[in-house]
1. Along the principal axes of its C-alpha atoms, what lengths does the chain span, in descending order and rounded to whole Å?
2. Specify whether the C-alpha gyration tensor of region 330-439 places it in the rounded, prolate or oblate class, a ≥ b ≥ c being the square roots of the eigenvalues: rounded for a/c under 1.5, otherwise prolate if a/b is larger than b/c and oblate if not.
3. Take the alpha carbon gyration tensor of region 300-392, find the square roots of its eigenvalues, order them as a ≥ b ≥ c, and report rounded if a/c is under 1.5; if not, report prolate when a/b exceeds b/c, else oblate.
4. Report, in whole Å, the centroid distance computed from the Cα atoms of region 160-204 and region 1-55.
5. Between SER55 and LYS237, what is 0.36 nm times their sequence separation minus the Cα-Cα distance? Round to one decimal in nm.
6. Please tell me the relative contact order of the chain in percent, rounded to the nearest whole number, where contacts are Cα pairs under 8 Å and at least six residues apart.
7. Using a 1.4 angstrom probe, figure out how much accessible area the chain has per residue, in square angstrom, rounded to the nearest whole.
8. Could you give the C-alpha radius of gyration of region 65-166 expressed as a fraction of 2.2 N^0.38 Å, taking N as the number of residues it contains?
Amino acid sequence: MGLLYYASLLKKAGHTVRVIDSEMNGSSLRKISRTIKEFGPQVVCSSINVFSPASEFSALKKLKDAFKFTLICRGHFPRIYPEETIQNSHVDFALTGKGLFSIPLLVNAIEQKKDTGNIPGIIYKQGRQIIRTAEEPLVDLNALPFPARELIDNRIYTTALTTADRFTTVIGSLGCPYQCTYCQEKNTPYQTRDVNNIVAEIVECKRKFGINELFFLDPIFTVDRARTMDFCAKLNKSGVRMKWVMRTRADLVDEEMLSLLAGSGCVKIHYGIESGNQRILDGLNRQITLGKVKETVKLTAKKHIAVFGYFMIGNTGETVESIQDTIAFARSLPLNFAQFMKVAPIHYTDVHKRSLDKFKSDIWLEHYKGIPGSADKWKPQDTGLSTKELNAWIRRAYRGFYLRPGYLWRMLTFRYTPFYIIRQLKIAALLLRLRIAGR
Ligand code: SF4
């Protein structure tokens, strides 16, 4: 979605843009090279994630050596490790912020061969010197053009739980005002888009791109109750029938809101539940009770909205007993889907801080530099359970949740189950057709 925003900003600034989503298209380096050769870009802007930065830099080096473009890197890795990013000899610029403000200014300056020193949110080399400019300011989200969906094949985007043909994601807000210890969203200032602006994008999705379902990427969609109610009313008033999905906290919805959500097309809500043990939840600064979670999940199911619960295994102070509480709690709720994830030392979280304290080094940087590390270095360091034990409990949680006659019956009789199956079959057939056609 970030690249689609960049594309629309650059188009607005008068540039000709192409978007290559190599992950979705399963593009090989050879296929990407062909596209670059055909298009002949002066500038390439590529996302670099924190999981496999070394291989991404290496692929970009091969492309740059062959086609001699100016290379801009953006994304999680450059934002967290700007110096390490720019030290790659083939990287010309890296974006140290989200880039929504900087990218048109930077590409204009490159095209016009102007000085880049006054463009905020970038890092680059000048001779032997590395120049890092001021922090990028926040942009007004309402002033952004809508993502350039015309540059991608909207038919191929989906999730395992999408019910309709075609699907997209939308950003209605950034960041989160809560302060859960394990989450990095609190590091992003909370910013919202105007409801009218979001509805206008949804109308465009429907009318211009034939999209029938969307997922809001907002960490917490219903932070502001009045705004949520207004959104539902305005979406209904627009006359556009759209299925939509969002993530939120169980204490930020109520029965009246759930009725309005369901009436405006909300087909699934993802709740961060995290643990079935109150001591663990309090330790994570979740500021919610298990009783509230149970009440909300039941109300959501009553409104025939699918309910997805996120759980974490390996929380601060986690014990075998607290994991058992989590599995039992998940089984006690009328959830349609549950995900059990091992807590990870992601950046800007207490889990990462404790990892830094314990090892006196950053495991992500070690991973980038190819320094081997044991699996136990990647586990949360504030539980006595080993990686092997945590993984075994995750498998047990999945079995305990999904392999139950009651669960199977619930899903067999659930209104959206046929849609999930039909959508998966259709997308598989489409991908096969595209592969046969060599696209
Ligand atoms: S876990 Fe959810 S509520 Fe907590 S800070 Fe992150 S996004 Fe916000």
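1. 63, 55, 46
2. oblate
3. Prolate, because a/c is 1.5 or more and a/b exceeds b/c.
4. Centre-to-centre (Cα) distance: 23 Å.
5. Here the answer is 60.7 nm.
6. 11 percent
7. 47 Å²
8. 1.30
The values are calculated or read from the model by the stated rules, or taken from the named source; none is laboratory data. Because the structure is a prediction, the values reported are computed rather than measured. Heads up, the Cβs are rebuilt from the backbone with ideal geometry, glycines too, and the neighbour counts pull from every protein chain shown. Remember, those area values only see protein heavy atoms, side chains included, never the ligands or the DNA or RNA. Shrake-Rupley method; radii C 1.70, N 1.55, O 1.52, S 1.80 Å.
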